[in-house]
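A.B. asks: One structure, as structure tokens, below. Some questions next.
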Amino acid sequence: MSSAHTKTEHGHADHNYLNHGSGIWSWMTTLDHKRIGLMYFATVATLFLIGGFFALGIRLHLAKFGAEPLLDPDTYNKFMTFHGAIMVFMVIIPGIPAFLGNFVLPIQLGAKDVAFPRLNLASYYIFIAGALIAASSMIFNQVDTGWTFYTPYSTAKTSNGVILLVLGAFTMGFSSILTGLNFIVTTHKLRAPGMTMDRIPLMIWALYSTSIIQILATPILAITLLLIGAEKTLGVGIFDPDLGGDPVLFQHFFWFYSHPAVYIMILPAMGVISELITAFSKKTIFGYRAIAYSSVAIAAVSFLVWGHHMFVSGQSTLAGIVFSIITMFVGVPTAIKLFNWISTMYRGTVTFEAPMLFALGFMFLFTIGGLTGVFLASTGMDVHFHDTYFVVAHFHYVMVGGTLMALMGGIYYWFPKMFGRMTSDLGGRISWVLIFTGFNVTFFPQFVLGAMGMPRRYFDYLPEYTNLNQISTVGSWLIGLGFLVGLITIIHGIFKGEKASDNPWGAKTLEWQTSSPPPHENFTTTPTVTAGPYDFR
Amino acid sequence: MSWSSLIPATSFMPIQATEIAKEVDLLYAFLIISSLVSFVILIGGMTWFLIKFKRTSLDQKSAYITHNNFAEFLWSFIPLVIMMGIFYWGMVIFEKLRTPPEDIAAEIHVTAEQWAWTYRYANGKEFYSSANDPMIVPAGKATKLILTSKDVIHSFYVPAFRTKQDAVPGKLTQLWFEPKQAGEYIVFCTEYCGTKHSGMMIKIKAIPSEEYAAWYHAEKKGADSPADLGKTLFAQKACASCHSIDGARIVGPTMKGLFGSSRKFADGSQAKADENYLRESILVSSAKIVEGYPPAMPVFQGQLSDEDVANLIEYIKSIK
Ligand code: HEM
Ligand SMILES: [Cu+2]
């Protein structure tokens, strides 16, 4: 079974989920996971532009071009907070699961929809509500705590806007939990006949592990955020030492969620990469089980390493050592995945369309991000690097270089399925070159700045850090330009792109066995699965 | 001169002002080299495959390979061993960074606030930090800082010493260093603390230890030493009605030789009596009850300022 495989009768091909019902109301009330996925796409893309605006503002300020600083310290701190909070809670966390995951998970399983379509729509609106509440803090009572909301700064020393931002994040947490729940049930209950657990695509394994983290960790964040609200309004005294509380306790709570959360960001990305690399190598994925189980292993271990954000917080030396060794264990499943992806290319037949370029970009940047993670996991080394630009560079390499690259690759890859049209490959490649180059120009110098000792979240810095900061700023414009080209390519693709065939990449997973775009219920006849997901024989 | 200086990347590190800084940089150099090697293996290998296995014609077939147990074992096991090594190496350095030596030449209470540091010496000399008033310490000798904060969390970071420690309100944390040579070293605040976070910079000035001794004993800026102030408080708050200072057992444990001794508690646990323990015992004595004593001490939380507590601790430390 190589290329001819469409089961759709052609009379039906022009009736698809996009024209199944028309008008804005049919979108807003849709229960179709594909449409909900696209609504997340539009929302997340908008939020990404806003977060990006703040990022460019931060970088422009730090370049110190011109005699006067561009921002005053308080504005700078607010920019820094909005940038971080928007990108983390509203872009990278929901990006892949809620958008790509919603779109492809049911089709990849051969299902008609997710298990609870109404809940799925509700999750979307809960997300919107959360985003609006959080955004209202940008208008009234702006927040300057940084996305980590450390107490007692957040509870005792800054504006009440924190309550809104925290309430927004709290609300979005529900959306995250409900989506995770929906995915887990869908994966267990709605697989097509013949699709055993060891025949589900790796994207689904990744989304499945992510969902477990979402369900288990998000409530902790929710409680922590509520406690901040309670502390600020009622003065309950859990985190504020003036009221008898413990500020370090907040950090434990916060990282108990937020460390696993970094895997909510990266695991789905790893799923996308697994799909892209097999599809564009035209070869069965190497070590299917190892990749699948390492996702679950990462999800499990991610709960035990939060203390590596707190090596110098005043936590005991012994605790630091224990967290350090457990953190090293996370490095192993991560390395396993890299080796498996690379081995998949071995003796494959590789092509380099835009989605594959993004996957390769992911490999390059994620490897740097992962290796520098080992520096930070080593206690003696982290004492120097903690809260410096080295950490900023590390997490941008993994989160932006990793997750965002995968997200872009995933968009170009599934675009024909979503819209029945192709994006311009040239456009995709140009945006890739700009983003990839710009990314390294922006963030590599930050490793050096960190080694030199420049702390993070600094409005101003010593003169010896100027050159590297200016290089970094120039890089940020390249990234901005790259995303602009990407956006144009996508919009052009939606309206003017060439008509796509059902399986333009010759991939094997189920979503490519239905028409592009798929009909309202995904398949005209329920598919039956007889082999593993990547059977390129 | 060591092999690590061959690695250009280490030249970006700040000057190595302590012995530990050298050790940290050695680990850093090792990490850079091993990362480079790993990077070349991974990304180099990938690039090679990409070139070698690039699709050239439409009907080309890929090999059918699903897994290889031996290779998979190797690439799980080898990284594990390397990472355990890095963990261990980091831990050895970490313990040195965290364990002050027995013999400390200067002990300074450092209090952070938005956006300044105050430092107080054992004899009462006290400074409100500014660029003009660097923190004076002896060169070639160990200095220990006892850190706390008045408002939010701050962090005391000396790049040249490769060390850093948060200053947490309501807690005492500590940091030590031994600058090899006289000189001035910059201190940053690295825990975000609001508007002037990046402006919260001071300098540590290490001077030859004879000069330090002279400076230390020269006219004092503050009034009494913290230990003296603590002694007065000890009397005022009637601590002496329950605690002897000569080793005698009254209602509560004696203060004599208390600091640094190991304590056994009613619930079977144990701890060393360090600054934090004393602080907790003074403010909320019920938190840990020493074995064999009644939980009779009143709660002083809210009645003693952070400075009072620090003074009391200094006094207790002086009762040898
Ligand atoms: C898998 C993808 C990864 C993601 C998405 C990720 C993300 C992040 C983020 C967001 C932070 C900064 C949090 C903050 O303070 O704002 C961070 C810090 C850290 N990461 Fe990673 N990371 C990844 C991989 C790794 C790996 C593989 C290791 C270790 C083997 C690691 C070790 C650390 C450590 C120790 C810190 C704390 C550094 C410090 O604050 O001093 N990370 N990471
Ligand atoms: Cu500070």
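The values are calculated or read from the model by the stated rules, or taken from the named source; none is laboratory data. Note that the structure is a prediction, hence the values are computed from the model and not measured. Note that each Cβ is placed from the backbone with ideal geometry, even for glycine, and that neighbours are counted across all protein chains shown.
A.B. asks: Out of all the residues in the stretch A:271-317, which are hydroxyl-bearing (Ser, Thr, Tyr), surrounded by fewer than 22 Cβ atoms within 10 Å (Cβ to Cβ) and assigned to a loop (DSSP other than H, G, I, E, B)?
C.D. replies: Correct list: A:Ser316 only.
A.B. asks: Within the bounds of the stretch A:161-168, is there any residue that is within 14 Å of chain B (Cβ to nearest Cβ), within 16 Å of ligand 2 (Cβ to nearest atom) and modelled with pLDDT under 95?
C.D. replies: Looking for residues that are within 14 Å of chain B (Cβ to nearest Cβ), within 16 Å of ligand 2 (Cβ to nearest atom) and modelled with pLDDT under 95, one finds none in the stretch A:161-168, hence no.
A.B. asks: Something else: May I ask you to verify whether A:Tyr412 is assigned to a helix (DSSP H, G or I) and within 28 Å of B:Ala71 (Cβ to Cβ)?
C.D. replies: Numbers: assigned to a helix (DSSP H, G or I): yes; within 28 Å of B:Ala71 (Cβ to Cβ): no.
No.
A.B. asks: Just to verify a result, which residue in the stretch B:46-86, among those that are among the hydrophobic types (A, V, I, L, M, F, W, C) and over 48 Å from the mean Cα position of the chain (by Cα), is nearest to the other protein chains (Cβ to nearest Cβ)? Give the derivation first.
C.D. replies: Taking the stretch B:46-86 as the starting set, the residues that turn out to be among the hydrophobic types (A, V, I, L, M, F, W, C) are B:46, B:48-51, B:53, B:58, B:63, B:65, B:70-71, B:73-75, B:77-78, B:80-84, B:86.
This time we only want the ones that are over 48 Å from the mean Cα position of the chain (by Cα), so: B:51, B:53, B:58, B:63, B:65.
Values: B:Ile51: 9, B:Phe53: 5, B:Leu58: 10, B:Ala63: 4, B:Ile65: 6 Å.
Residue satisfying both the conditions and the ranking: B:Ala63.
A.B. asks: Let me ask something else. Say we look at the stretch A:99-147 and pick out the residues that are away from ligand 2 (no atom under 16 Å from the Cβ) and within 14 Å of chain B (Cβ to nearest Cβ); which of these is modelled with the highest pLDDT? Can you show your working first?
C.D. replies: Residues of the stretch A:99-147 away from ligand 2 (no atom under 16 Å from the Cβ): A:99-143, A:147.
With within 14 Å of chain B (Cβ to nearest Cβ) added as a condition, the list becomes A:142-143, A:147.
Working: A:Gln142: 86, A:Val143: 90, A:Trp147: 93.
Only one residue tops the list, namely A:Trp147.
A.B. asks: Would you list the strands (runs of 3 or more DSSP E) that sit entirely within the stretch B:144-184 and hold 2 or more residues that are more than 16 Å from ligand 2 (Cβ to nearest atom)?
C.D. replies: On the way: elements: B:154-158, B:163-167, B:173-177.
Counting at least 2 such residues, we get B:173-177.
A.B. asks: In addition: Which numbered condition in (1) in contact with a helix residue (DSSP H, G or I) (Cβ under 9 Å, 6 or more places away or on another chain); (2) away from ligand 1 (no atom under 14 Å from the Cβ); (3) within 26 Å of A:Tyr412 (Cα to Cα) is the only one that A:Lys282 fails?
C.D. replies: (1)
A.B. asks: Search the stretch B:284-298 for residues being touching a helix residue (DSSP H, G or I) at 6+ places or on another chain (Cβ under 7 Å) and hydrophobic (A, V, I, L, M, F, W, C), and hand back the single one that is surrounded by the fewest Cβ atoms within 10 Å (Cβ to Cβ).
C.D. replies: Step one: list which residues in the stretch B:284-298 are touching a helix residue (DSSP H, G or I) at 6+ places or on another chain (Cβ under 7 Å), which gives B:287-288, B:295, B:297.
Still in the running and hydrophobic (A, V, I, L, M, F, W, C): B:287, B:297.
On the way: B:Ala287: 11, B:Met297: 18.
Among them, the one singled out is B:Ala287.
A.B. asks: For the stretch B:87-111, give me each residue that is within 12 Å of chain A (Cβ to nearest Cβ) and either in a helix (DSSP H, G or I) or within 16 Å of ligand 2 (Cβ to nearest atom) (or both).
C.D. replies: If the condition is that a residue be within 12 Å of chain A (Cβ to nearest Cβ) and either in a helix (DSSP H, G or I) or within 16 Å of ligand 2 (Cβ to nearest atom) (or both), then B:Phe87, B:Tyr88, B:Trp89, B:Gly90, B:Met91, B:Val92, B:Ile93, B:Phe94, B:Glu95, B:Lys96, B:Leu97, B:Arg98 are the ones that fit.
A.B. asks: In addition: Which numbered condition in (1) within 16 Å of ligand 1 (Cβ to nearest atom); (2) more than 15 Å from the chain's Cα centre (by Cα); (3) in a strand (DSSP E or B) is the only one that B:Cys193 fails?
C.D. replies: (3)
A.B. asks: Follow-up question, since we're still on this one. Among the aliphatic types (A, V, I, L, M), more than 13 Å from ligand 1 (Cβ to nearest atom) and over 18 Å from the mean Cα position of the chain (by Cα): is that true of A:Met345 in this structure? Before you say what the answer is, go through the steps one by one.
C.D. replies: On the way: among the aliphatic types (A, V, I, L, M): yes; more than 13 Å from ligand 1 (Cβ to nearest atom): yes; over 18 Å from the mean Cα position of the chain (by Cα): yes.
Yes.
A.B. asks: While we're looking at this one, here's another question. Could you say which residue among A:Phe174, A:Phe253 is closer than 30 Å to B:Ala167 by Cβ and either touching a residue at least 12 places away in the same chain (Cβ under 8 Å) or within 14 Å of chain B (Cβ to nearest Cβ) (or both)?
C.D. replies: A:Phe253
A.B. asks: Looking for whichever is modelled with pLDDT of 85 or more and part of a helix (DSSP H, G or I) here; the options are B:Glu314, B:Glu307. Which one fits? Step through it out loud before you land on a result.
C.D. replies: Numbers: B:Glu307 fails: modelled with pLDDT of 85 or more.
Result of the check over B:Glu314, B:Glu307: B:Glu314.
A.B. asks: How about the stretch A:376-389: which of its residues are within 8 Å of ligand 1 (Cβ to nearest atom) and either assigned to a helix (DSSP H, G or I) or under 22 Å from A:Ile479 (Cα atoms) (or both)?
C.D. replies: Residues satisfying the conditions are A:Leu376, A:Ala377, A:Asp382, A:Phe385.
A.B. asks: Scan the stretch A:318-331 for residues that are of a type in the set (A, V, I, L, M, F, W, C), at the interface with chain B (Cβ under 9 Å from one of its Cβ atoms) and buried (at least 21 other Cβ atoms within 10 Å of the Cβ) and jot them down.
C.D. replies: Of the stretch A:318-331, the ones of a type in the set (A, V, I, L, M, F, W, C) are A:318-319, A:321-323, A:325-326, A:328-330.
So of that shortlist, the ones also at the interface with chain B (Cβ under 9 Å from one of its Cβ atoms) come out as A:321, A:325, A:328-329.
Residue satisfying the conditions is A:Met328 alone.
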